[in-house]
Amino acid sequence: MANTSLLQVRTSTEDKEKASEILESLGTNLSAVVNMMLKQIILTKGIPFQVTMNHPTYSKTEAIKEVESTMAFEGMELTKEDIRMLYAYKNGEVSGDELQQQVLQEVL
């Protein structure tokens, strides 16, 4: 493998273990599947699977915990104001563009 580079991905230990078990039973591994996905992105010039916004089957508390966990991976904290803005977006009180402008005003 003369011309390779390292790709690091943050994910939960539980997700990694579950996916690894499934892939092992299929005779492959995470690295091979990530490489397959990258090749498909290149070939299709897009995401090689459908990306949709489905209604979550979990509670508001679980949804907040999910966002908090994702942000924690990046070293960021989810504040009460962040949660308020997410609810405003979810309830149609603010558009994505308006929300983006609010966030940019806070960080700039």
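Couple of notes before you dig in:
- Local charge for Gly75 was computed over the other residues whose Cβ lies under 15 Å away, with Lys and Arg +1 and Asp and Glu -1, and equals -3.
- Karplus (6.51, -1.76, 1.60) ³J(HN,Hα), θ = phi - 60°, over region 68-74, in Hz, Gly and Pro reported as x: 4, 5, 4, 5, 4, 4, 9
- Taking only the Cα atoms of the chain, the ratio Rg/Rh comes out at 1.04, with Rh defined as the Kirkwood radius.
- Spin-label pair Gln105/Thr79, simplified geometry with 7 Å Cα→Cβ offset, distance in nm: 1.4
- For the chain: relative contact order, % (alpha-carbon pairs under 8 angstrom, 6 or more apart): 11
Just so you know, all these numbers are worked out from the coordinates, no wet-lab data involved. Fair warning: this is a prediction, and the values are worked out from it, not measured in the lab. FYI the Cβ positions are ideal-geometry reconstructions off the backbone, even for glycines, and counts take in every protein chain you see.
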